[in-house]
Structure formats: C-alpha cells, structure tokens
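S.K.: What follows is a structure written as structure tokens; I'll ask about it next.
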Amino acid sequence: MTNTWIIGASSGIGEALAVELAKRGETVCVTARNAKALEAVRARLSGHGHLAIQADVTDIATLMSAAQQLFHAWTQTDRIIFMAGAYTPMHLGELDLKETRSIIDINLSGAFNTVETALSLMKAQAGGQIVLCGSVAGYRGLPNAQPYAATKAGVISLANSLRAEWGHRFDIKLINPGFVTSRLTDKNTFDMPMKISAETAAKIIANGLNSKRFEIHFPAAFSIGAKLLALLPDSLFFSAVKGMKT
Ligand SMILES: NC(=O)c1ccc[n+]([C@@H]2O[C@H](COP(=O)([O-])OP(=O)(O)OC[C@H]3O[C@@H](n4cnc5c(N)ncnc54)[C@H](OP(=O)(O)O)[C@@H]3O)[C@@H](O)[C@H]2O)c1
C-alpha cells in the first residue's frame, strides 16, 4: 500500500493525479486551501481511506499540522508531491507587485515550506519520495513569462539541491510540464502548442513517479524542444525568443 500526499490537489493536474493514483491503488491525502473543493476531490477517489486536509503552503504551521495528522493516520508517508502553484500573465515594467509577491510566496516559498515539512515528516522513516513541480517555463527566462518563470527556475534549482543533499535517503523527483489545460492556462489568450489535458498529464506523471528518472518532463516533443532552446548560446537564444508570446 502506497500512502501519497498531494499538496495542491483541489483542481487541475493535482486533482487529476489524485484520481489517477487512487485508481492505481494508492491511498491519497489531498491538500490545498479550498476545503469544499478538497472534499469534492476526496469523494471522487476510487478505493477507501483517502483523506482531505486543508493547508496553505505559504504558512508552514498549517503544513506541519497537516503532516502531524498524516503521521497519526498513516505512520509512513511514501510520497509527498508539491503541485501547488499560481500564475497570472504579466509584463515586466507593468507588474502587479502585490500579485507578484503572492506568486513568489506560493510557488517558491511554498516549495521551501513543503521541503522542510516533508523532511521533518520523513526523516524518522526509512525512505520515501519527495516530488516538486516546476515547469518548462523555468528552464530559461522567456519574454512575457515573469514572475512565474523565475519562481519555477527557483523550484528547479531547489529540486536539484534536494536531490544532491538528500538523494541518498529519499527518491527526489522534479516534474516539468509543458502546457496543460487547467484554470492557470485558461488565463492565456495566446496559442499553447502541444497542450494536453490534466488527465493525460496525470498518467505521464504517475508512470514517471515509478521510474528511475529524476525529471518527469512532458509532452516530450515540447519539453525536449524547450531544453534545446535553453541550451542555445546567448545571441541565438535571444534572437530565437524575440517577439515570442509565452
Ligand atoms: N497548467 C500548466 O500548463 C502548467 C504547466 C507547467 C507547470 N504547471 C504547474 O502545475 C501545478 C498545478 O497547476 P494547475 O495548472 O493544475 O493549476 P490549478 O488547477 O490552479 O492548481 C493549482 C493548485 O494549487 C493549489 N494552491 C494554490 N495556492 C495554494 C496555497 N497557497 N496553498 C495550498 N495550495 C495552493 C490550488 O488550490 P487552492 O486554490 O484550493 O488552494 C490548486 O489545487 C502548478 O505548480 C503549476 O505551476 C502547470
């Protein structure tokens, strides 16, 4: 039996992943801020024993309290998956700074709060998996992608450091999706190449969680293209992304 805690599971990819992992026989705890939405997700999960615990990733006390509840319920937590995220399209020079601080707080401080909580919960047990969700948008700064892209670059860096420092004790993984249909991408007005459904993303992630790979990136044609773009020398990179809408 695998006990899986998904943080950021009241909608979108996190919700679809909870449904997919429950279908595969895992016991899932879904966490986010919206208690009503969480309960609705919990009720959709196949099998028994699933939990819904409210927490806000920007407030580590709420994450630690959720972790305590899980320790009492499960003793062993096998996977902790950080899926929480926020995105608002903005342009440098016209940033909504209050919204910018909130996005940084959720996406980046939330990731640090989750890692601290995960390590405090898992240190006492043998093994476990800690998974952070970044984005292909974090590979290299693209036009019209801030502040979101900078937070995802931070998450990618954090996941790499976590793997380097704790990879001998825990299975550390990084998820970097391309475009996935959700309330985040519903805010975009531009064409999103190779966009996939949250259900398809969840299946790819669920397979990746059981693989030996560190990074789960998808859809492959898009994410490999994004990797190659990021590797270009500066002059080629900046001329390639000039005028790009992201
Ligand atoms: N959709 C894409 O194309 C795409 C691409 C690359 C990466 N991603 C990443 O994938 C992850 C899931 O996003 P999504 O597209 O599925 O969007 P989504 O449907 O908006 O899901 C975001 C989840 O994060 C939770 N959340 C937000 N702020 C939170 C907070 N302060 N504390 C706890 N939970 C919080 C939300 O629940 P509450 O509002 O109830 O708290 C929700 O469950 C995010 O990290 C996103 O950056 C998405």
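S.K.: By how many nm would the segment from residue 76 to residue 157 grow when fully extended, if each residue of separation counts as 0.36 nm and the alpha-carbon distance is taken off? Don't skip to the end; give the middle numbers.
M.R.: Values: separation 81, 0.36 × 81 = 29.16 nm, distance 2.73 nm.
Value of the extension gain: 26.4 nm.
S.K.: For region 65-80, what does the Karplus curve 6.51 cos²θ - 1.76 cosθ + 1.60, with θ = phi - 60°, yield as ³J(HN,Hα) per residue in whole Hz, taken in order and with x for Gly and Pro?
M.R.: 5, 4, 4, 4, 4, 5, 4, 5, 6, 10, 6, 10, 10, 7, 10, 10
S.K.: What is the order of 182, 161, fewest Cβ neighbours within 10 Å to most? Display every interim value, and only then the final one.
M.R.: On the way: 182 21, 161 12.
Least to most surrounded, the residues fall as 161, 182.
S.K.: Here's a follow-up. Within region 134-171, what residues put their amide N at less than 11 Å from the label point 7 Å along the Cα-to-Cβ vector of residue 224?
M.R.: Those under the cut-off are none; the list is empty.
S.K.: Follow-up. Residue 40 to residue 126: extension gain in nm, 0.36 nm per residue of separation minus the Cα-Cα distance?
M.R.: Here the segment from residue 40 to residue 126 would lengthen by 27.7 nm.
S.K.: So which lysines can residue 203 reach, going by Cα to Cα under 23 Å and dropping same-chain residues fewer than 8 places off?
M.R.: 23, 152, 173, 195, 212, 227
S.K.: Could you pull out the longest piece of the chain with no exposed loop chymotrypsin sites (Phe, Trp or Tyr not before Pro) in it, calling a site exposed if DSSP puts it outside H, G, I, E, B and it has at most 16 other Cβ atoms within 10 Å?
M.R.: Working: sites that count: 190, 214.
Here the longest segment lacking exposed loop sites spans 1-189.
S.K.: Quick one: if you stick a label point 7 Å off each Cα along the C-beta vector at residue 211 and residue 2, how many nm between them?
M.R.: Using points 7 Å along Cα→Cβ, the separation is 1.4 nm.
S.K.: With point charges of +1 on the Cβ of Lys and Arg and -1 on the Cβ of Asp and Glu, referenced to the Cα centre of the chain, which listed residue (95, 109, 244) lies farthest in the positive direction of the dipole?
M.R.: Of the options given, the answer is 244.
S.K.: Moving on to the next point. Calculate, for residue 192 and residue 116, the FRET efficiency according to 1/(1 + (r/R0)^6) with r their C-beta to C-beta distance and R0 30 Å; round to the nearest 0.05. Intermediate results must be reported in sequence, preceding the final value.
M.R.: Values: r = 33 Å, r/R0 = 1.11.
About 0.35, to the nearest 0.05.
S.K.: If you don't mind, another one. If you keep only loop residues by DSSP, which GluC sites (Glu not before Pro) in region 83-159 have at most 16 other Cβ atoms within 10 Å of their Cβ? Working shown, then result.
M.R.: On the way: sites: 94, 99, 116; in loops: 94.
Of the GluC sites (Glu not before Pro), the ones in loops of region 83-159 whose Cβ has at most 16 other Cβ atoms within 10 Å are 94.
S.K.: Specify the angular offset, from 0 to 90 degrees and rounded to the nearest 10, of the alpha carbon long axis of helix 12-23 from the longest principal axis of the alpha carbons in the chain.
M.R.: Tilt of helix 12-23: around 40 degrees.
Values in this text are rule-based calculations from the coordinates and carry no lab data. Remember, predicted model here, so these are calculated numbers, not experimental data. Don't worry about glycine lacking a Cβ; one is built from the backbone with ideal geometry, like all the others, and counts go over all protein chains shown.
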